Amino acid sequence: MPAYAIAIISETHVNDEIRTYLEQIDSTLKLHEGQFIIHGGPYIQLEGKQAADLVVIKFPSLEHASRWYNSPAYQAIKPLRTANTVGTVFLVQGVPENHHGVEILA
């Protein structure tokens, strides 16, 4: 079942550390079959108030996502992000391909 690393970033200080982080993150993802599916970008606000960028990285499983986040390669560059951004980051398991909303009630 797919899983996702999700970051809701409300503030980013673009500097050399962030540039280095962005230059190196793809190689950390590749080892764990992770791929960006959302990385900031324009969006249409429909409800609520949100002034943040959304980042979503897809993995084959929650185990893959967790191994990526805890890997020495990612941990080595993580301080470059945490020192220069404000936000929330979490891992979440996806649902099966043919999931229906009502199934959450089971």
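Tabulated values for the structure
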{"read-out": "Residue range of the chain that is longest and free of GluC sites (Glu not before Pro) which are both DSSP loop and sparsely packed (at most 16 other C-beta within 10 Å)", "value": "48-96"}
{"read-out": "Reachable lysines, given that their alpha-carbon falls under 19 Å from the alpha-carbon of K58 and they are not under 8 places away in the same chain", "value": "K30, K78"}
{"read-out": "Zone residues, region 85-101, relative to Y43, backbone N less than 14 Å from point 7 Å out along Cα-to-Cβ", "value": "87-90"}
{"read-out": "Folded to 0 to 90 degrees: helix 72-82 orientation relative to the chain principal axis, Cα", "value": "80"}
{"read-out": "Region 30-90: trypsin sites (Lys or Arg not before Pro) in DSSP loop, at most 10 other beta carbons within 10 Å", "value": "K49"}
{"read-out": "Cα→Cβ-extended label distance, 7 Å offset, between S71 and K30, nm", "value": "1.0"}
{"read-out": "Length released on extending from A51 to V95, taking residue separation times 0.36 nm less the Cα-Cα span", "value": "13.1 nm"}
{"read-out": "Angle in degrees between helix 16-30 and the longest Cα principal axis of the chain, rounded to the nearest 10", "value": "40"}
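Quick note: the coordinates plus some simple rules give every number you see, no bench work behind them. Nothing here was measured: the structure is a model prediction, and the numbers come from that model. Note: ideal-geometry Cβ built from the backbone for every residue, glycine included; neighbour counts use all protein chains shown.
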